[in-house]
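The structure appears right after this line, and notes come after that.
Values quoted throughout were computed directly from the atomic coordinates according to the rules given, and no laboratory measurement underlies them. Every value quoted in this text rests on a predicted model; they were computed, and no experiment measured them. For neighbour counting, all protein chains shown are included, and Cβ atoms are generated from backbone atoms with ideal geometry for every residue, glycine included.
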Amino acid sequence: MTSTSFVLEGRIDAPVLVVANSLGANHLMWEPQMAMWKKHFLVLRYNYRGHGDTPANGDVASTQDLAQDAIALIDHLGISSFSWLGLSLGGMLGLYMAAHYPNRVNSLVSACFRPHQTDETRAQWATRIQTVREKGLGSIVDGTVDRWLTEGFRKSHPQVDQALREMVGANHADGYMACGKAVMDYDSRPYIHQVVCPVLLISGAHDMGAPTAEVANLNQVLVNSRHEVLPAAHIANQECPEKFQELSTEFVLQHGK
């Protein structure tokens, strides 16, 4: 059994696409792409610990813990192999999944993430987690979403901006801190050479939390990857929905099974 909340929809005769959210978001962040993806794939969307309707299960988690949550759900649904598409924390998990389950991950799209943390970013995450612990999740909502979208996009799309703020604020503080701990400690370098499936890396040109240069460096390390840059900040699938949809759909159709 699994306590992870999920939505499974699309074509039952099509390749499976597992999509994984940013920390602080839930499965609804993928709505701009779902109409297209459901035409081509059987799409599994799910929520991390303390996100959406998934119980928090404490306030500490590791990348391995979150990957095991995902695999438990995938096994529960009887899915043997799949393509993985993730953004931010979802992109980090994607590298872990591809490295540790190479016979199950057919292709990988990882967007808007850091391949590893630095001392500076670890300190930033420690501060953010402590702020949530002391003041509650509401204390970081505005700062989070201000980084997620460029200022111009926020002003021209106020409904998207507001929906994301409500999404972040609706999570359980323990779940946010647990997944934040996994992000804070993330380092793909010990296993990155184990990733052999085709990989599409997507970054946002204006993403301050996941600099394009770091993703470009990762592209040089992976054995079978390409890198695309979109004119977006962190949540690129919301800011550039059509281009994100086009790139991801074509890639998974080409490389998924």
Some residue of the range 189-205 being farther than 24 Å from residue 65 by Cα, assigned to a helix (DSSP H, G or I) and not hydrophobic (A, V, I, L, M, F, W, C): no
Considering residues of the range 173-188 that are touching a His at 6+ places or on another chain (Cβ under 9 Å) and assigned to a loop (DSSP other than H, G, I, E, B) only, the residue surrounded by the most Cβ atoms within 10 Å (Cβ to Cβ): 188
Enumerated strands (runs of 3 or more DSSP E) restricted to the range 1-98, each holding at least 1 residues that are touching a helix residue (DSSP H, G or I) at 6+ places or on another chain (Cβ under 6 Å) and within 27 Å of residue 191 (Cα to Cα): 16-20, 42-46, 82-87
Listing of helices (runs of 4 or more DSSP H) fully contained in the range 101-172 that carry 2 or more residues being among the hydrophobic types (A, V, I, L, M, F, W, C) and surrounded by 12 or more Cβ atoms within 10 Å (Cβ to Cβ): 119-135, 141-148, 158-169
